[in-house]
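First comes the structure, then the notes that go with it.
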Amino acid sequence: MAALRCILVLMPLMGLTWGFGVLSLNSDTIAFQYIFAILNSFQGLLIFIFHCVLDKKIKDAFTKQRHRWLQSTQSFGVSEGKRSKTQDTSIF
């Protein structure tokens, strides 16, 4: 069901993008070239959102990994939200 949803969302976007790509072959149609460039730049972002961010398997794996990380930091005496200034173990 999720694969069908992704196909229904992404195929019109990709078809629309390359439709503007074909229309932008003529150098007189600069508007189509800009639309093609803008749609192509958003295409990667939308693929990331629909295939990574909204995917249930990836959400579950991320939640599981975060839970493991929180458990490991608590075993070292670092609790979430109560980190001391001398013991900063944040990644970012």
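Out of everything in region 9-31 that is of a type in the set (Val, Ile, Thr) and open to solvent by less than 60 Å² (accessible area, probe 1.4 Å), what residue ends up being modelled with the highest pLDDT? The residue in question is THR29. Within region 9-27, residues that are touching a residue at least 24 places away in the same chain (Cβ under 8 Å) have Cβ atoms under 6 Å from residues that are surrounded by fewer than 15 Cβ atoms within 10 Å (Cβ to Cβ) and in a helix (DSSP H, G or I) in these pairs: THR17/ASN40, counting only partners at least 6 apart in sequence or on another chain.
Counting only residues that are within 18 Å of PRO12 (Cβ to Cβ) and of a type in the set (S, T, N, Q), which one in region 33-72 is most open to solvent (accessible area, probe 1.4 Å)?
The first filter runs over region 33-72 and keeps only residues within 18 Å of PRO12 (Cβ to Cβ), leaving 35-36, 38-51, 54.
From what is left, the residues that are of a type in the set (S, T, N, Q) are 40-41, 43.
Details: ASN40: 46, SER41: 77, GLN43: 27 Å².
It comes out as SER41.
Regarding LEU4, is this residue outside any helix (DSSP H, G or I), modelled with pLDDT of 80 or more, open to solvent by 90 Å² or more (accessible area, probe 1.4 Å) and out of contact with any strand residue (DSSP E or B) (no Cβ under 8 Å at 6 or more places or on another chain)? No: the conditions fail for LEU4.
Just a yes or no: is a residue in region 68-88 in contact with a Cys (Cβ under 7 Å, 6 or more places away or on another chain) and either in a helix (DSSP H, G or I) or at pLDDT 80 or above (or both)? No, every residue in region 68-88 fails to be in contact with a Cys (Cβ under 7 Å, 6 or more places away or on another chain) and either in a helix (DSSP H, G or I) or at pLDDT 80 or above (or both).
The values are calculated or read from the model by the stated rules, or taken from the named source; none is laboratory data. Treat the numbers as computed from the prediction; the structure is a model and nothing was measured. Cβ coordinates were reconstructed from backbone atoms using ideal geometry, including for glycine residues, and neighbour counts include every protein chain displayed. With ligands, DNA and RNA removed, areas are computed over all heavy atoms of the protein, side chains included. Shrake-Rupley method; radii C 1.70, N 1.55, O 1.52, S 1.80 Å.
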